[in-house]
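The values are calculated or read from the model by the stated rules, or taken from the named source; none is laboratory data. Treat the numbers as computed from the prediction; the structure is a model and nothing was measured. FYI the Cβ positions are ideal-geometry reconstructions off the backbone, even for glycines, and counts take in every protein chain you see.
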């Protein structure tokens, strides 16, 4: 689930949310994708645990893989089978659909 800071950034990027509460990252424009990638990798999606991790290269590689999957940007040159629907299995959820007003 996206942090509140990440959810705010996603709202500013105008990324849509589907009826299941997941961001539709595969529909982003190139500009939105680049901004999302910066937020997700360089800002660690504002996740406190990810920010606390000191192995920056490992975190960058791991988060970059997630971005490629979430945004449906896995290079076709890899010749992976059944990868075209992988983005439907891994989702970034909007907290707005899951957190009730108190």
**Request:** Hey, could you check segment 89-102 for residues that are in a helix (DSSP H, G or I) and in contact with a strand residue (DSSP E or B) (Cβ under 9 Å, 6 or more places away or on another chain) and say which is modelled with the highest pLDDT?
**Result:** 96
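Please enumerate the residues belonging to segment 11-32 that are assigned to a helix (DSSP H, G or I) and out of contact with any helix residue (DSSP H, G or I) (no Cβ under 8 Å at 6 or more places or on another chain).
The answer is 11, 12, 27, 30, 31.
What number of residues in segment 59-80 are assigned to a helix (DSSP H, G or I) and closer than 23 Å to residue 5 by Cα?
Residues meeting the conditions: 12.
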**Message:** Which pairs turn up if I take residues in segment 74-86 that are in contact (Cβ under 8 Å) with a residue 24 or more places away in the chain and look for partners that are surrounded by 10 or more Cβ atoms within 10 Å (Cβ to Cβ) and outside any loop (DSSP other than H, G, I, E, B) with beta carbon separation below 6 Å, at least 6 apart in sequence or on another chain?
**Reply:** none
**From the options 82, 43, 73, residue that is more than 20 Å from residue 94 (Cβ to Cβ), at pLDDT below 90 and within 14 Å of the chain's Cα centre (by Cα)** = 73
**Asked** When segment 49-70 is examined, which residues are found to be within 16 Å of residue 9 (Cβ to Cβ), in contact (Cβ under 8 Å) with a residue 12 or more places away in the chain and over 10 Å from the mean Cα position of the chain (by Cα)?
**Response** 50
**Prompt:** Considering only residues of segment 85-102 that are surrounded by 10 or more Cβ atoms within 10 Å (Cβ to Cβ) and under 24 Å from residue 30 (Cα atoms), which is nearest to the chain's Cα centre (by Cα)?
**Reply:** 92
**Request:** Could you tell me which of the residues 61, 68 is farther than 19 Å from residue 95 by Cα and either surrounded by fewer than 13 Cβ atoms within 10 Å (Cβ to Cβ) or in contact with a helix residue (DSSP H, G or I) (Cβ under 6 Å, 6 or more places away or on another chain) (or both)?
**Result:** 61
